[in-house]
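Since every read-out is calculated from the coordinates, none of them should be taken as a lab result. Quick caveat: nothing in here was measured; it's all calculated off a predicted structure. For neighbour counting, all protein chains shown are included, and Cβ atoms are generated from backbone atoms with ideal geometry for every residue, glycine included.
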Amino acid sequence: GAGVSQTPSNKVTEKGKYVELRCDPISGHTALYWYRQSLGQGPEFLIYFQGTGAADDSGLPNDRFFAVRPEGSVSTLKIQRTERGDSAVYLCASSPGGPLEETQYFGPGTRLLVL
Amino acid sequence: AQSVTQLDSQVPVFEEAPVELRCNYSSSVSVYLFWYVQYPNQGLQLLLKYLSGSTLVKGINGFEAEFNKSQTSFHLRKPSVHISDTAEYFCAAANFGNEKLTFGTGTRLTIIP
């Protein structure tokens, strides 16, 4: 079956612009996670959804970052007023359901470059 | 808060030699531990995980890891590596009851023919 997909695969934008990154989880997976991976670092947790609601958004770095999952499947990570420091690979993962006993399946990521 | 340390950023190993990738975690509370692998141009893939029970965990592709509570370690091992094992390996941990995975900075495994 299809894995987690993310679009676009690459995004180049200018400082100050707004971007949206999309994640399509594996069908039927209720849990969805967003991570950010900066160069030379491991993935860093941003937010976790269980169904439509954000169960834990403590990893979002500031109020420029926002994520939604309105129908409990596709999720969009939104970044306002982008800054050069936002440049990173944004990873999405899904699992059949929490808690962490369920394996998280990762997408290939969206590479964001802010000029 | 949980933290994960991978002391070796790069590990070169000859083909068919054994390898150990080191991982230490910080939390003293009940913890879940994971190893993920990232092959070139691919997404992260779970190698193995420790939730409870036996401290020796076997994963895919011949890898295994041992949970050592007294050493707060979860080192990854393989008795004989292949060229196809060339990848970046990430150790991750989460506290029981918390959905957040904390990753280490990764170890790049390079296999020398």
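Exposed loop sites are taken as GluC sites (Glu not before Pro) in a DSSP loop (any state but H, G, I, E or B) with at most 10 other beta carbon atoms within 10 Å; the longest stretch of chain A without one runs A:15-70.
Charges were assigned to the Cβ only: +1 to each Lys and Arg, -1 to each Asp and Glu. The resulting dipole of the protein assembly as shown about its Cα centre is roughly 420 debye.
Given A:78/B:69; A:78/B:100; A:11/B:58, which pairs have Cα atoms separated by over 29 Å? Pairs exceeding the cut-off: A:78/B:69; A:11/B:58. Simple spin-label estimate for residue B:58 and residue B:7 gives 2.8 nm between the two label positions (7 Å along the Cα-to-Cβ direction from each Cα). Looking only at the range B:23-45, which residues have a backbone nitrogen under 19 Å from a spot 7 Å from the Cα of residue A:5 in the C-beta direction? Inside the label zone: B:42-44. Taking other residues whose beta carbon is less than 15 angstrom from the beta carbon of residue A:79, and scoring Lys, Arg as +1 and Asp, Glu as -1, yields +3.
Using the Cβ of residue A:113 as centre and a radius below 14 Å, the other residues enclosed give a net charge of +3, where K and R count +1 and D and E count -1. Per residue, the average separation of C-alpha pairs within less than 8 Å and at least 6 apart gives the range A:5-114 a relative contact order of 36 percent. Its Cα centre serving as origin, the range A:1-88 has a Cβ charge dipole (Lys and Arg +1, Asp and Glu -1) of approximately 280 debye. Say the dipole of the range A:1-111 comes from +1 at the beta carbon of Lys and Arg and -1 at that of Asp and Glu; which of A:42, A:66, A:18 then lies farthest toward its positive end? Among A:42, A:66, A:18, the one farthest towards the positive end of the dipole of the range A:1-111 is A:18.
Inter-chain Cβ neighbour count for B:38-47, averaged per residue, equals 4 (cutoff 10 Å, partner chain atoms only).
The calculated P(r) of the protein assembly as shown, using every Cα pair and 10 Å bins from 0, goes 8, 33, 35, 20, 5, 0 in percent. When we measure straight from the Cα of residue B:78, which aspartates and glutamates land under 14 angstrom away, once same-chain ones fewer than 8 places off are left out? Hits, sequence-local ones excluded: B:15, B:16, B:20, B:64, B:66. Annotation for the range A:62-76 versus the range B:55-107: alpha-carbon center distance of 30 Å.
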